[in-house]
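Asks: Questions regarding the structure given below will be posed in turn.
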């Protein structure tokens, strides 16, 4: 044996390859690569390069390449035959089974896990992500017309964490994330992880986590879209992407709606909804810079501004109240691919929000302003090791955050937090265990009070995959929600006051499910149960002053059913959620026992450059109570939407035209008592794209 052979035997051979788009030839960043049969998983860098260290240059090798938006590819052969360039071909739908929200580990998840990837349908004229969220499993939309929040698995909207590219959107002021302000045109997909997740993300993740993911500069493209719809609605968007060593994306989105729609009042008379106008504009800029084959920098800036009326409930309407919002979010990231088995990821972020509520009404005069800022850092280190048939993944991380609210209502309030967490995965061909643990310290500061609390949040999930088409899932978690600034520090007046001595809400959750895949379809069934202690509710004391207190216990249990059928020219997907949400002896308001949605699509024409699609969608819920004493019942509803879209490509130019009817049967309904929603509406949208 010569010296060179000995060196190769002792140190192994390092292969460096690149992954590119099979259509454009541009690099595809952050492709997930799995080495089979060992199951070792790692990521390509932001320029598509990856390194692979092997014992022998002629070693038999199987690589599985996965990337959301691309068709999965498997390559098999000897290592020295591995091409210098590997191509992935794009698809119109996200890859199922790969998620970045249900786990911080970059690993594929079995189908049985309660996770959804929903692609934003840009053919629709929509004000934000409310419509696709309302059709997702286990979600409840709380729509006040010009303000909307979302919740998961019977939890409240302040108990559901909403992220923008994994950065928290929930406000420390009230604990809510207003999804009306988010531009649908700048969201590529939505990842929904149902079930408590404080072990990964800290406070507010009792019901689950919703991650809104923006597009990436994957290919050289210029796209313009414009749309019109009923009730004075119009939209426009322009997006440009330029991949390369420094990849860029710039996007602008505009939305306006008068929202003057008819609705029946309590006597059956038809009235017109007024002061519900919404205007919103948003700018998004992203860059990804490859420093070398292993290091990359990312920068994202999102700026939004909105002006909207605040019509209030129809029982006490307001003709002149206004809500003005401005926000700026900056995210900077650094990624280091230490080795094929190790990666370091750092994110710094800063978010500013300015909010103003102005009501000149002489009986309800208000002029409130809120200046909010949130600054934080996240550092993760991930690596994996293979011990025979066992693959071990380990992620450790730290987070720090500073949140401040300067408000005319609660004054100057500050929240500091620091957390450390660990998540691991132990995987064989049959079994996967994923324990996680997070400890967080939060301190709330106010001129009148200072409070510090510590929170230990564990989680354990287990999946069993006896067959590639069959998987089982079970999990247990303990999660919490810290009180908001409004609940802690609301100023004292003759009617209300805050409570600086509030404790966090704590919940323990259990779920289990089965996932079955079959030719042309799939089915997932999940059962869940959770108990929440120290629920915060506003109650009146003996002097009839309302104050938040930890008084209630909540029990939530339910079943989720998710069928899916897909053939070359026909498809169907849907979901049903059966649940009971009980606080002590009464049912929680606005939690219908049965909710569901379904979508059927048909493609009568599919050619290499032309496609015609028809789609019928429905969303519904049974009746539910509208008050805590269970004396006021809100009727159920069933809404039908019908749409048609035509896509045609001529050389480098793609044209898409879509039209449709929402609320086809013109149903009058409410999600929140005394806040009516629009009846039948029509839309037309066109999209023009130039690919280079």
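Please treat every number below as a calculation from the coordinates, not as lab data. Quantities reported herein were computed from a predicted structural model and do not represent experimental measurements. Positions of Cβ are backbone-derived with ideal geometry, glycine not excepted, and every protein chain shown enters the neighbour counts.
Asks: Using the reciprocal of the averaged 1/r over all distinct C-alpha pairs, how large is the Kirkwood radius of segment 289-440 in Å?
Replies: Computed over Cα pairs of segment 289-440, the Kirkwood hydrodynamic radius comes out at 19.5 Å.
Asks: May I ask you to derive the FRET efficiency for residue 394 and residue 267 from their Cβ-Cβ distance with R0 = 41 Å, giving the value to the nearest 0.05?
Replies: Result of the calculation: an efficiency of 0.05.
Asks: At 7 Å along Cα-to-Cβ for each site, give me the label-to-label distance between residue 470 and residue 326 in nm.
Replies: In this crude spin-label approximation the distance works out to 6.0 nm.
Asks: List the pair-distance distribution P(r) of segment 555-685, using every Cα-Cα distance, as the percent of pairs falling in each 10 Å bin from 0 up to the bin containing the longest distance, rounded to whole percents.
Replies: 11, 30, 29, 18, 9, 3, 0
Asks: With contacts defined as alpha carbon pairs under 8 Å and 6 or more residues apart, what's the relative contact order of segment 490-584 in percent?
Replies: Result for segment 490-584 is 25 percent.
Asks: Would you mind calculating the relative contact order of segment 211-691 from Cα pairs under 8 angstrom and at least 6 residues apart, reporting the percent as a whole number?
Replies: Relative contact order of segment 211-691: 9 percent.
Asks: Related question: Spin-label point model (7 Å from Cα, Cβ direction): what's the residue 689 to residue 222 distance in nm?
Replies: According to this spin-label approximation, the distance is 1.6 nm.
Asks: Between segment 121-193 and segment 257-278, what's the alpha-carbon centroid distance in Å?
Replies: What the calculation gives is 24 Å, centre to centre.
Asks: Over the Cα atoms, compute the radius of gyration (one decimal) and Dmax (the largest Cα-Cα distance, rounded to a whole number) for segment 369-435, in Å.
Replies: When restricted to the Cα atoms of segment 369-435, Rg and Dmax are 19.5, 62 Å.
Asks: Rounded to the nearest 500 deg cm²/dmol, what is the calculated helix-only ellipticity per residue at 222 nm for the chain, with -39500 (n - 2.57) per DSSP H run of length n ≥ 4? Numbers along the way, then the final one.
Replies: Working: 4 runs with 23 residues, N = 692.
My calculation for the chain gives -500 deg cm²/dmol from helical runs alone.
Asks: Compute the semi-axes of the equivalent ellipsoid of the chain, taking the square root of 5 times each eigenvalue of the Cα gyration tensor, and list them largest first in whole Å. Spell out each step's value before the answer.
Replies: Details: eigenvalues 350, 186, 123 Å².
Value: 42, 31, 25 Å, ordered largest first.
Asks: In percent, what relative contact order does segment 115-210 have, based on Cα pairs under 8 Å that are 6 or more apart in sequence?
Replies: 34 percent
Asks: Okay, next question. What ranking do 104-114, 502-512 get when scored by the average of other Cβ atoms within 10 Å per residue, highest first?
Replies: Ranked from most to least packed, the peptides come out as 104-114, 502-512.
Asks: Determine, from the Cβ-Cβ distance of residue 319 and residue 668 and an R0 of 25 Å, the FRET efficiency 1/(1 + (r/R0)^6), rounded to the nearest 0.05.
Replies: FRET efficiency, residue 319 to residue 668: 0.70.
Asks: Starting from the Cα-Cα distance between residue 594 and residue 62, subtract it from 0.36 nm times their residue separation and give me the gain in nm to one decimal.
Replies: Working: separation 532, 0.36 × 532 = 191.52 nm, distance 4.54 nm.
Extra length available between residue 594 and residue 62 comes to 187.0 nm.
Asks: What is the Cα centroid distance between segment 497-511 and segment 370-387, reported in whole angstrom?
Replies: 24 Å
Asks: On full extension of the chain, what length is gained from residue 630 through residue 605, given 0.36 nm per residue of separation minus the C-alpha to C-alpha distance?
Replies: 3.9 nm
Asks: Starting from the Cα of residue 638, step 7 Å along the direction of its Cβ; do the same at residue 363; then give the gap between the two resulting points in nm.
Replies: 4.0 nm
Asks: Mind jotting down the three principal axis lengths of segment 115-210 based on Cα atoms? Whole angstrom, largest first.
Replies: Result for segment 115-210: principal-axis Cα extents of 37, 27, 23 Å.
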